[in-house]
Amino acid sequence: RDPGHARAFAAGQPAMHSLPVRAVDSAREALESADLVCTLTASRAPVLEGAWLAPGTHVNAVGASVPPYRELDRAAVRRARVFVESRAAALAEAEDLRQPLAEGVIGPGHIAGELGDLLEQRVPGRRADGEITLFKSVGLAVEDVAAAGHVYARALREQVGVWVEFGAERLG
């Protein structure tokens, strides 16, 4: 949200990732040609409007995972085919979904499925090229454990890192 920070961030990225990165003046401008959008904010008000999404866009909304935080406006949710990690967790914690539900903009059936349903092909993902899809994450502990396991295994394999004792018996 700070243009100076955005320019500084963009300037350093090509050297790190061999990808072109440019700063823009607004979220709307960033979405003009985006096929994939990731929101990772701690915003209390929507930063992404559904009117800005082009047909066929996929949105990963992974910030704002507890009330009252919210990244998406009601139109973004209404226009999208929605997937979540856990329906129960999303309906309890994701204000991005809770608000449109409370306002009657969407119904409980608007969530197409959980990530497991999608991965095991119990529900279809995108059904047409122009369909907008949304993965709304609230974060589950099992995801953190899986990520930690991956990092730990890689650190052992590459022999990097620092062991920190927390009072428990050392496992490795």
- Does segment 75-94 contain any residue that is under 23 Å from Ala27 (Cβ atoms), basic (Lys, Arg) and open to solvent by 40 Å² or more (accessible area, probe 1.4 Å)? yes
- Message: Among the residues of segment 128-151, are any touching a Lys or Arg at 6+ places or on another chain (Cβ under 6 Å), farther than 21 Å from Leu31 by Cα and assigned to a helix (DSSP H, G or I)?
- Response: no
- Task: Within segment 1-18, track down each residue that is over 21 Å from the mean Cα position of the chain (by Cα), open to solvent by 50 Å² or more (accessible area, probe 1.4 Å) and farther than 21 Å from Trp52 by Cβ.
- Result: His5, Arg7, Ala8, Ala11, Pro14, Ala15, Met16, Ser18
- Tally the residues that are within 24 Å of Arg126 (Cα to Cα) and either among the aromatic types (Phe, Trp, Tyr) or open to solvent by 70 Å² or more (accessible area, probe 1.4 Å) (or both), restricting the search to segment 30-46. 6
- Residues being over 16 Å from Val82 (Cβ atoms) and within 18 Å of the chain's Cα centre (by Cα): count how many of those fall in segment 111-144. 6
- Message: For Ala61, only one of the following conditions fails: (1) open to solvent by less than 30 Å² (accessible area, probe 1.4 Å); (2) free of Cβ contacts under 8 Å to residues at least 60 places away in the same chain; (3) at negative phi. What is its number?
- Response: (2)
- Item | Check on Val160, part of a loop (DSSP other than H, G, I, E, B) and more than 29 Å from Tyr69 (Cα to Cα) | yes
- Restricting attention to helices (runs of 4 or more DSSP H) lying wholly within segment 11-93, give those where 3 or more residues are modelled with pLDDT of 95 or more and among the charged types (D, E, K, R). 74-79
- The listed residue being under 24 Å from Asp2 (Cα atoms), hydroxyl-bearing (Ser, Thr, Tyr) and in contact with a Phe, Trp or Tyr (Cβ under 7 Å, 6 or more places away or on another chain), out of Ser43, Ser33: Ser43
- Query: Scanning segment 125-166 for residues that are over 23 Å from Ala92 (Cα atoms) and in contact with a strand residue (DSSP E or B) (Cβ under 8 Å, 6 or more places away or on another chain), which turns out most open to solvent (accessible area, probe 1.4 Å)?
  - Reply: Arg127
- Item | Yes/no for Pro100 being open to solvent by less than 30 Å² (accessible area, probe 1.4 Å) and either within 16 Å of the chain's Cα centre (by Cα) or closer than 20 Å to Ser65 by Cβ (or both) | yes
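The values are calculated or read from the model by the stated rules, or taken from the named source; none is laboratory data. Predicted model only: the values in this text are computed from it and were never measured. Cβ atoms come from the backbone with ideal geometry, glycine included; neighbour counts cover every protein chain shown. Surface accessibility is based on the protein's heavy atoms, side chains included, excluding ligands, DNA and RNA. Shrake-Rupley method; radii C 1.70, N 1.55, O 1.52, S 1.80 Å.
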